[in-house]
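Beneath this line is the structure, given in structure tokens, with notes to follow.
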Amino acid sequence: MRPYVICHSLGSVDGKIRQTIWGYSDHHKYFEEPAAKIKADAWLVGRVTMQEFSSKKKPALKKGRVNIPREDFVGKYSTKTFAVVIDPSGKCFWDTNMVSTEHVIEVLTEKVSGAYLDHLRSKNVSYIFGGKESLDLALVLEKLNTLFGIKRVRIDGGGHVNGSFLKAGLIDEFSFVLAPVADGTSGSLTVFEVEQGYGKRKATRLKLKSVKKIFDDFLWIRYMVEK
């Protein structure tokens, strides 16, 4: 059994993710205030986003061969909410196992080093494996439910994380804050970055759940994903 997945994003009318040319000095509130109103046991982001919250310095890792089995590890925690990072190669380092009030869970592949796993264990940072070389996102979600009791996940990712879950058919609901701005930048990231071309994939169809005007000219639109 996997958690219910809500993908939350902020974008322009042409589907671009926030850029400095939008001119919003307080852009965080447009994303974070609606996100805080979405009931979830965990929020999930990619490695690049999580590095804003993780340690700013790389610790001295153990040298030589460090033999740690590639098995899921549940660190000690007392929280009811979690911060999950998609970090296949193990590039986030930690001073603590918390982000604000959430316990950290690293999502890894088995190609990470034993020294990195030793670092996570030393900080009581939980980690789960989603595959040998690449991630099986359905398996990841199942483990979040089984090991941590997570029933609702809010994806706060960038275009690539959002796109990966969309392609895997694992998004149940889409929460979109529509900024009153046209970006117009060619090649900049969009809300969903899935793949070039169409291949055998079909577009994901959505059913409108609600629309609310917020922050004067912004719209908060919520969709259910048609299965």
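Identify the GluC sites (Glu not before Pro) of region 124-204 meeting these criteria: DSSP loop state and at most 10 other C-beta atoms within 10 Å of the C-beta. Answer in residue order: Glu133, Glu195. Loop-located GluC sites (Glu not before Pro) across region 21-126 with a Cβ neighbour count of 10 or fewer within 10 Å are Glu52, Glu71, with loop assigned by DSSP. Using Cβ point charges alone (K and R +1, D and E -1), the dipole size of region 52-129 about the Cα centre works out to roughly 380 debye.
Measuring with a 1.4 angstrom probe and ignoring ligands and nucleic acids, Phe31 comes out at about 50 Å² accessible.
Rounded to the nearest 5, the antiparallel percentage of DSSP beta bridges internal to the chain is 40%. Here region 97-147 is treated with +1 on each Lys and Arg Cβ and -1 on each Asp and Glu Cβ, and its dipole about the Cα centre works out to around 120 debye.
Taking θ as phi - 60° and the Karplus parameters 6.51, -1.76 and 1.60, the scalar couplings of region 217-227 work out to 10, 8, 10, 9, 10, 10, 10, 9, 7, 6, 8 Hz in sequence order, x denoting glycine and proline. Solvent exposure of region 50-96, expressed per residue, is 69 Å² of accessible area, with all protein chains present and a 1.4 angstrom probe. The order of Leu147, Leu208 by accessible area, most exposed first and with a 1.4 Å probe, is Leu208, Leu147. Restricting the trypsin sites (Lys or Arg not before Pro) of region 182-217 to loop positions (DSSP other than H, G, I, E, B) with no more than 16 neighbouring Cβ atoms within 10 Å leaves Lys200, Arg201, Lys202, Arg205. Over the chain, with a Gaussian network built from C-alpha contacts below 10 Å, which listed residue (Asp41, Asp216, Asp14) shows the highest mean-square fluctuation? Among Asp41, Asp216, Asp14, the largest mean-square fluctuation in the Gaussian network model of the chain belongs to Asp216. Close amide H contacts of Gly46 (hydrogens built in the peptide plane, cut-off under 5 Å, sequence separation of 5 or more or a different chain): Ile86, Gly158.
Rolling a 1.4 Å probe over the protein heavy atoms of the chain, with every protein chain left in place, gives an accessible area that is 51 percent carbon and sulfur.
In a reduced charge model with +1 at each Lys and Arg Cβ and -1 at each Asp and Glu Cβ, the chain shows a dipole moment near 460 debye about its Cα centre. Taking the charge dipole of the chain about its Cα centre, with +1 at Lys and Arg Cβ atoms and -1 at Asp and Glu Cβ atoms, the residue from Ile6, Phe31, Gly114 reaching farthest to the positive side is Gly114. Of the residues Lys80, Lys37, Lys143, which exhibits the maximal mean-square fluctuation in a Gaussian network model of the chain defined by a 10 Å Cα contact cut-off? So, out of Lys80, Lys37, Lys143, the one fluctuating most is Lys37.
Between Gln51, Gln196, Gln19, the Gaussian network model of the chain with springs among Cα atoms under 10 angstrom shows the greatest mean-square fluctuation at Gln196. Post the alpha-carbon centroid distance, region 1-47 to region 140-203, in whole angstrom. With region 1-47 and region 140-203 each reduced to a Cα centre, they are spaced 11 Å. Computed from the alpha carbon positions, the gyration tensor of the chain leads to an equivalent ellipsoid with semi-axes of 31, 19, 18 Å, biggest first.
The values are calculated or read from the model by the stated rules, or taken from the named source; none is laboratory data. Here the structure is a predicted model, which means the values were calculated and not measured. So basically every Cβ, Gly included, is an ideal-geometry build from the backbone, and we count neighbours across all protein chains shown. What goes into the accessible areas is simple: the full protein's heavy atoms, side chains included, and nothing from ligands, DNA or RNA. Shrake-Rupley method; radii C 1.70, N 1.55, O 1.52, S 1.80 Å.
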